[in-house]
Structures are given as C-alpha cells and as structure tokens.
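The values are calculated or read from the model by the stated rules, or taken from the named source; none is laboratory data. A quick note: this is a predicted structure, and the numbers were derived from the prediction, not measured. Here the Cβ is made from the backbone with ideal geometry for all residues, glycine too, and neighbour counts use every protein chain on show.
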C-alpha cells in the first residue's frame, strides 16, 4: 500500500533529535513562552526573510489575531478566495467581518487577481490571500492593489512554507504572514502550532499582547486578548525540522517533477512557472471522473485525498452567510481535484508506481 501520508514514518528521521529536545525542555522547567519559542521565532523569521515572528497556538488563531490587531469596524469587508479551506473564512467571520469571495484562477487555483478590483467596495478593508497547495499567489498585482486602494494585506501561508514569488518568500509581502504548523504541513509540529510574521515593530507588539490575554506586563491587560501561545515543546520540535525544511521542500519538488513528466495529458497537472518557487504541500491533479479515479487508485493500493470536496459556500455552516452565492470556477475545482502522494516519506519508486497505475485509468 502506498499511503497518502504517514506521520510516524515521516518524522522517524527526527526522532532522536526530538527526544533530545524534549528532555531539554522537560529539565528546564519552563514550558510557556520560554527560550525555545524565542529561538524558533528568531530562526523562522530569518528563514522567511521577515523582521519578526510571533509563535501562536495554531494557524486559525494567527489569522484571527492578524485581523483583530487592526480593529476593523464590524461588518467591514475582507476579500478572500472562494476555494480556500474553511479556516480562512472562519477567521473573518469570527472577527465580525464580512468575507467577500473572489473566484480563483482555474490554472493556479489561487485568487484571480483580475477579479479582485471589481469586488472592492467602500467597505473593503483588507485582502486575505491564500497561497494554496504550496504555490504563491501573483503578489505583484496584489500588493499594487493594496497600495493603491489603501488596503491591509494578510497572507494565509498555511501551505506555503518556503514558497516564493520572484525570489521573495510568502509571508513577507503583506502586513502579516499567517502560518500553520499542523503536523501534515511541510514544516509540521507534533501537535498544533502557528505563527505570524511581520516587519512592523508595532504590529508585533500588538500580536504579542493579543496572544497573552491582552497583556504586555503580567496582570496588566491593555486589550481584550486571548490565550494563543506556541508552547515550548512544539517550538523545540519545530526548530529541529526547520533545519531540514529546504531538504523536505526539495524532496517534494523532485517527486512533483516525476508526476509532471510521467503523467499523461488526461490529467490536469499543476502549472509550473519560473516566477514561482512551489513547495508542493499538495500535488493535485484534476480529472472529470475524479471519484472513479480515486476509487480505482485505492483498489490498486494507492491512497489519495481530496483538498477539498466541498467549497466553502456549499458548507452547512455557511447557510445564510454564503449559500446564496454562485462560484462556478471554485465548484469545478472542488468537483475534480485529487491530491496524490507527495510526502517526505515517499520515494521515486512510489511515485513511478502511482504514475504507472494512473496512466492505465
């Protein structure tokens, strides 16, 4: 069986270092906002190319806190891609704001920059882009729009650790870059974790307040904050894996190249462009008979996933919020996309086997 993902096998190369780091944290007696978090924040901001990083409990909190820092008027509008994972939209709703969905580019699956300006109204305050599947959005157009329209820019980088557009990494274009370190990410913890990157000193100060009950000084609270802190153990584990992130990304890139070259043209493959450095958190193909293809692969001992089977505006939770809207491009993507094995645990032989089976479909 070729598994889609196996976190035990994926993390095995790091077990020895994990145990050493765990013992170090255990013996330190300091488990929240200590040295490991500080060191990870410094190392991750250095890796990304941002001035600052603040470790948080998870990626959704990162998006929520990024929005709350700006104290937008309730009901203000935030532009977001219509095919994103639901967490992006939940962050907007949880802040009392209105998500305005914009269709993606059918080729890249990222927000279609040509459609953004027509969605801007007098109530628009921000654009929240999503670098989906490990490919950066077309950031020159987006940063120009934000600059000309005086809009805040938040990047959802949950799937794009190390991805870049024209040599500049995701998480450095906007006011904030929001990261998730969920275990399946290219840089994955052994539990939940997240972070915000920013190059603005005051924004960093406010994020650190919000993550810690709205407090800069213990027992003195300046804003209505929350409890969202990356813990010392996860920070220690992330420091171990961060040293191998380039290797992880390069490995996944090599597997993706095998798919690119080997899969026949029946399958719509990811677009490759020299302006984009892709890190292939997900290698997706599209096919009109997606469900039959998925079942066929499983019968041949190959597991796959669907990211994502239901578009946000069709979710039950969005009834009365987004359900009256129509997004045909997004719906086409959600109905035809299939994610193939492309993990750090897979090797070239695994991918060649997937290719062989798929080409007989």
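Residues being buried (at least 22 other Cβ atoms within 10 Å of the Cβ) and at positive phi: count how many of those fall in the range 40-57.
The number of residues fulfilling the criteria is 0.
Of the residues 64, 92, 79, which single one is under 21 Å from the mean Cα position of the chain (by Cα), surrounded by 18 or more Cβ atoms within 10 Å (Cβ to Cβ) and under 21 Å from residue 163 (Cβ atoms)?
Values: 64 fails: under 21 Å from residue 163 (Cβ atoms); 92 fails: under 21 Å from residue 163 (Cβ atoms).
Matching residue, one of 64, 92, 79: 79.
Which number in (1) touching a helix residue (DSSP H, G or I) at 6+ places or on another chain (Cβ under 9 Å); (2) touching a residue at least 40 places away in the same chain (Cβ under 8 Å); (3) in a helix (DSSP H, G or I) marks the one condition that residue 30 misses?
Of everything listed in (1) touching a helix residue (DSSP H, G or I) at 6+ places or on another chain (Cβ under 9 Å); (2) touching a residue at least 40 places away in the same chain (Cβ under 8 Å); (3) in a helix (DSSP H, G or I), residue 30 misses just condition (3).
Working only within the range 157-176, note down all residues that are touching a helix residue (DSSP H, G or I) at 6+ places or on another chain (Cβ under 7 Å) and part of a strand (DSSP E or B).
Matches in the range 157-176: 165, 169, 176.
Please verify whether residue 154 is surrounded by 22 or more Cβ atoms within 10 Å (Cβ to Cβ), assigned by TED's automatic domain parsing to the domain that holds residue 84 and in a strand (DSSP E or B), treating the condition exactly as stated. Give the derivation first.
Numbers: surrounded by 22 or more Cβ atoms within 10 Å (Cβ to Cβ): yes; assigned by TED's automatic domain parsing to the domain that holds residue 84: yes; in a strand (DSSP E or B): yes.
Criteria met by residue 154.
Let me spell it out: the conditions are (1) in contact (Cβ under 8 Å) with a residue 24 or more places away in the chain; (2) closer than 25 Å to residue 140 by Cβ; (3) touching a strand residue (DSSP E or B) at 6+ places or on another chain (Cβ under 9 Å), and residue 280 meets all of them except one. Which number is the exception?
It fails just one condition, (3).
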